[in-house]
1. Given the criterion touching a Gly at 6+ places or on another chain (Cβ under 8 Å) and open to solvent by 10 Å² or more (accessible area, probe 1.4 Å), identify the matching residue among Asn205, Asn224.
2. Take Ile167 and tell me if it is more than 27 Å from the chain's Cα centre (by Cα), of a type in the set (A, V, I, L, M, F, W, C) and surrounded by fewer than 16 Cβ atoms within 10 Å (Cβ to Cβ).
3. Residue under question is Ile372, and the condition is that it be touching a residue at least 60 places away in the same chain (Cβ under 8 Å) and part of a strand (DSSP E or B); does it hold?
4. For residues that are at pLDDT below 95 and either surrounded by 16 or more Cβ atoms within 10 Å (Cβ to Cβ) or among the charged types (D, E, K, R) (or both), tally how many sit in region 152-162.
5. Quick check: is even one residue across region 290-306 closer than 30 Å to Thr188 by Cα, of a type in the set (Lys, Arg) and free of Cβ contacts under 8 Å to residues at least 60 places away in the same chain?
6. Out of all the residues in region 327-340, which are open to solvent by less than 20 Å² (accessible area, probe 1.4 Å) and within 26 Å of Asn304 (Cα to Cα)?
7. Could you please give the count of residues in region 293-340 that are out of contact with any strand residue (DSSP E or B) (no Cβ under 7 Å at 6 or more places or on another chain), of a type in the set (Asp, Glu) and either at pLDDT 95 or above or within 24 Å of Lys115 (Cβ to Cβ) (or both)?
8. Just to be sure, is Asn193 closer than 26 Å to Val300 by Cβ and in contact with a Phe, Trp or Tyr (Cβ under 6 Å, 6 or more places away or on another chain)?
Amino acid sequence: MQPQDIEDLIERYNSGMTTPAENALVESWYLKYKHGDPYLSQEQLEEDQKESLDNLLNEIQGRTKRIQLSRWAIAASILFFMAVGGYFFSINNNSRRQIAAVKPQKQDVAPGGNKAILTLGDGSTIVLNGAKIGKLARQGNIVIKKAADGQISYRDVVVDFHPSKNIIYNTAATPQGGQYQFILADGTKVWLNASSSIKYPVVFNGNERRVELTGEAYFEVAHNAKKPFKVISNGQTVEVLGTHFNINAYNDEQAVKTTLLEGSVKVSAGKVSNIIKPGQQARFDHGLIDVMNVDADEVVAWKNGFFFFEDNNIQEVMRQLSRWYGVEIKYEGQLPSRRFSGEISRNVNLSQILDILSFKQIHYKIDGKTIIVMN
C-alpha cells in the first residue's frame with residue numbers, strides 16, 4: 001500500500017465513507033500504533049515515512065473515544081491486521097493502487113457447522129447432524145447416543161460381560177464445512193475438524209487403545225496406564241497414556257504435525273521417534289521427525305472457533321478456507337507472494353474473510369462453490 005493510498009483511506013474514514021472492514025483496518029492501525037505494537041514500531045520505518053505516519057495516525061487520534069469496533073470487525077478483523085500492519089509499511093513498490101470500497105457480494109458462502117456421517121460395523125450410516133437426540137444404534141454391548149448438544153457418546157449397556165473376540169469398528173467422517181465431537185467408549189474426547197475421519201473400535205479390548213486418523217483432530221485422552229492410546233496417521237504413530245494433544249494429518253499438507261498441550265506424547269515413524277513436551281510440536285516429513293516450540297493454544301484455535309495463521313502463504317490460507325467453507329479454490333495468473341498472520345473467526349461468511357484479505361491486495365470472486373483468487 002502506497003502513502004497516497006493510506007491518505008485516501010483515512011480521508012474517506014474521516015468523511016464516513018468507509019466500509020466496516022475498512023473502519024476496522026484504520027482503527028486497528030491506530031490502536032496498534034497507540035499501544036506500541038511491534039508491527040508498527042517506528043524503528044521499522046524509513047526516515048521519510050516516520051513523519052507521514054505520525055501525521056496520518058494523529059488525524060484519527062481525536063476520534064478514538066468514538067471507536068467501537070462492530071461485532072463483525074472484532075470477530076473477523078482486528079486481530080488479523082497484525083499481518084496487515086506489517087504490509088502497511090512495505091512501501092517498496094513504485095506502482096500506486098487505490099483501495100476500493102468493498103462491494104457487497106451477490107454470492108456468499110456460510111461458515112461450516114456440526115456435520116458428520118457415522119459408519120457402523122455393518123456398513124450402515126447415520127447422518128449425525130440430522131439424527132434425533134437419544135439412542136442412535138447398538139453395537140454389541142455398546143449403545144451410541146446423541147446428546148442435546150449434538151455430542152456422540154459410546155456407553156456400556158451391560159456392566160459385567162465377556163468381551164467379544166470380534167472387534168466392531170465405527171468410522172466417523174466430517175465433510176468439507178463440517179466438524180464434530182465424540183466421546184469414545186473409554187471416555188476419551190475427540191474433536192474432529194473438517195474433511196477428517198477417525199476409525200475406532202466401539203470398545204477397547206486387549207492391551208492398547210488404537211484409532212486411525214485422517215485430517216485433523218484434537219484429543220483429550222482418558223488416562224489408563226495399562227492401555228496406551230495410539231493414533232495412527234499418515235505413517236506415524238502417536239502413543240500416550242492420557243493427555244491432551246492435536247494432530248494435523250491432512251494429505252495435502254507437507255508434514256504431519258502433532259502438538260502437545262498437556263502430559264507427554266511419543267511420536268514414532270519407522271525407526272525414528274521423539275517424546276515431546278507441552279508447548280512442543282513434532283513435524284513428521286519424509287521420514288524425519290523435527291520438534292519445535294509453538295503456541296499450542298494457537299494450534300487448536302480451530303477447535304475454539306477461529307482460524308489461526310502464522311506467516312502462511314495464500315495457498316495455506318486457502319486450504320483452510322476450502323475445508324471449512326466447502327469450496328473449491330482456483331487461481332488465475334501469478335500467485336500472490338504475500339504472507340499472513342493473525343486470527344479470524346470461523347463463524348463469519350466467507351466473503352467477510354476474503355474482504356479482509358483484499359486489504360493485502362488479494363483479489364477474488366465467488367462463483368457458486370468456487371473461489372477464484374487473482375493477483
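1. On the way: Asn205 fails: touching a Gly at 6+ places or on another chain (Cβ under 8 Å).
Exactly one of Asn205, Asn224 is touching a Gly at 6+ places or on another chain (Cβ under 8 Å) and open to solvent by 10 Å² or more (accessible area, probe 1.4 Å), namely Asn224.
2. Working: more than 27 Å from the chain's Cα centre (by Cα): yes; of a type in the set (A, V, I, L, M, F, W, C): yes; surrounded by fewer than 16 Cβ atoms within 10 Å (Cβ to Cβ): yes.
Spelling it out, Ile167 is indeed more than 27 Å from the chain's Cα centre (by Cα), of a type in the set (A, V, I, L, M, F, W, C) and surrounded by fewer than 16 Cβ atoms within 10 Å (Cβ to Cβ).
3. Values: touching a residue at least 60 places away in the same chain (Cβ under 8 Å): no; part of a strand (DSSP E or B): yes.
It is false that Ile372 is touching a residue at least 60 places away in the same chain (Cβ under 8 Å) and part of a strand (DSSP E or B).
4. Here is the first cut: in region 152-162, the residues at pLDDT below 95 are 155-162.
If we keep only those that are either surrounded by 16 or more Cβ atoms within 10 Å (Cβ to Cβ) or among the charged types (D, E, K, R) (or both) too, we end up with 155-156, 160.
Residues that pass the stated criteria total 3.
5. First pass over region 290-306, keeping only residues closer than 30 Å to Thr188 by Cα: 290-306.
The next check asks that each one be of a type in the set (Lys, Arg); those that pass are 303.
Filter once more, keeping what is free of Cβ contacts under 8 Å to residues at least 60 places away in the same chain: none.
No, there is no match, as no residue in region 290-306 is closer than 30 Å to Thr188 by Cα, of a type in the set (Lys, Arg) and free of Cβ contacts under 8 Å to residues at least 60 places away in the same chain.
6. So the first thing to find is which residues in region 327-340 are open to solvent by less than 20 Å² (accessible area, probe 1.4 Å), and the list is 327, 336, 340.
Val327, Phe340, listed by residue number.
7. Qualifying residue count for the region: 1.
8. Spelling it out, Asn193 is indeed closer than 26 Å to Val300 by Cβ and in contact with a Phe, Trp or Tyr (Cβ under 6 Å, 6 or more places away or on another chain).
The values are calculated or read from the model by the stated rules, or taken from the named source; none is laboratory data. Because the structure is a prediction, the values reported are computed rather than measured. All Cβ positions, glycine included, derive from the backbone under ideal geometry; neighbour counts span all protein chains shown. Ligands, DNA and RNA are stripped out before the accessible areas are found, and what is left, the full protein with its side chains, is counted by its heavy atoms. Shrake-Rupley method; radii C 1.70, N 1.55, O 1.52, S 1.80 Å.
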